[in-house]
Amino acid sequence: MKSVFDLLDKRIRDFLTSNNIESPTEPQQKAIPSILSGHHVLLIAPTGLGKTESALLPVFHKHLTVQESASQTNLKGISILYITPLRALNRDMLRRTFDWGKQLGISVAVRHGDTSESERARQARSPPDMLITTPETLQILFTGKRIRKHLSSVRWVVIDEVHELAGDERGAQLTVGLERLWEITKEAGHEFQRIGLSATVG
C-alpha cells in the first residue's frame, strides 16, 4: 500500500526520514488524506498511535502550501490553533511540536494562564504561525484587540483530548469560543477546518 506520507510536502517527508519515521500508523493512514481534503475530522484511536502527528502533519503541509502561494501580507496572523486541556500540555508533546516547527520553518508558541506578560506582548506584536492554548485562555484571547485580529487568520483548529471536554461546562465554553472564532474568520473571508482527537470519546 502506498504510504500517505507520500502525499506530504517534501520538507515534511525529509523531516520524517531524518527522524527515522518511515511507515505511518493506521490512524495516520486513514486520517491524513481526509484532513488534506479539507474535511472536518474526529480521530479516535488508542494512546501511542500518533494522533497528534495524524493531525499536525497534514495541517503543516497545508500551511506550507498556503505560505508559498500567499503574499507575506496575507500570512500575518495565527494560522493553526491547537486547543488542549491544561494537563494535556505535557513536555514531550510540546518538545516535539516545537522541534517540528523549527525544522519546517513554522513558528510555534504556547498561551495559557501562566504565560508571562512579556510573552503575551510578544505574541500580540509578532503572532506565531501556530498557537497552543487551552479552552479557558481561548475565551480571554477574544478580549485583546491585537490578538483577536491575529485570530482572524486561523484556518485550522485542532482540539486535543476531546473526551475531557465533551459533556461539561468546559466543552460548552469551548463550543461558544469556536463559534466566536468562526464569526471572526468568516468576516475575514474564510472558514477554518476542525480536527478533534481522542482516545476514549467513542
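The values are calculated or read from the model by the stated rules, or taken from the named source; none is laboratory data. Note that the structure is predicted; figures quoted are calculated from it, not measured. Note: ideal-geometry Cβ built from the backbone for every residue, glycine included; neighbour counts use all protein chains shown. These area figures cover heavy atoms from the full protein model, side chains too; ligands, DNA and RNA do not enter into them. Shrake-Rupley method; radii C 1.70, N 1.55, O 1.52, S 1.80 Å.
A few notes on this one:
- Residues located in the stretch 142-158, provided they are modelled with pLDDT under 95 and either more than 27 Å from MET93 (Cα to Cα) or within 14 Å of the chain's Cα centre (by Cα) (or both): THR143, GLY144, LYS145, ARG146, LYS149, LEU151, SER153
- Filtered by the rule that a residue be touching a Phe, Trp or Tyr at 6+ places or on another chain (Cβ under 8 Å), open to solvent by less than 70 Å² (accessible area, probe 1.4 Å) and closer than 16 Å to SER153 by Cβ, the stretch 165-183 gives LEU181, TRP182.
- Listed by position, the strands (runs of 3 or more DSSP E) enclosed by the stretch 1-117 include none that has at least 2 residues that are buried (at least 20 other Cβ atoms within 10 Å of the Cβ), of a type in the set (A, V, I, L, M) and at pLDDT below 85.
- Any hit, the stretch 164-184, residues being under 30 Å from GLU68 (Cβ atoms) and in a loop (DSSP other than H, G, I, E, B): no
- Annotation: of all residues in the stretch 118-164 being basic (Lys, Arg) and without any contact (Cβ under 8 Å) to a residue 40 or more places away in the chain, the one that is least open to solvent (accessible area, probe 1.4 Å) is ARG120.
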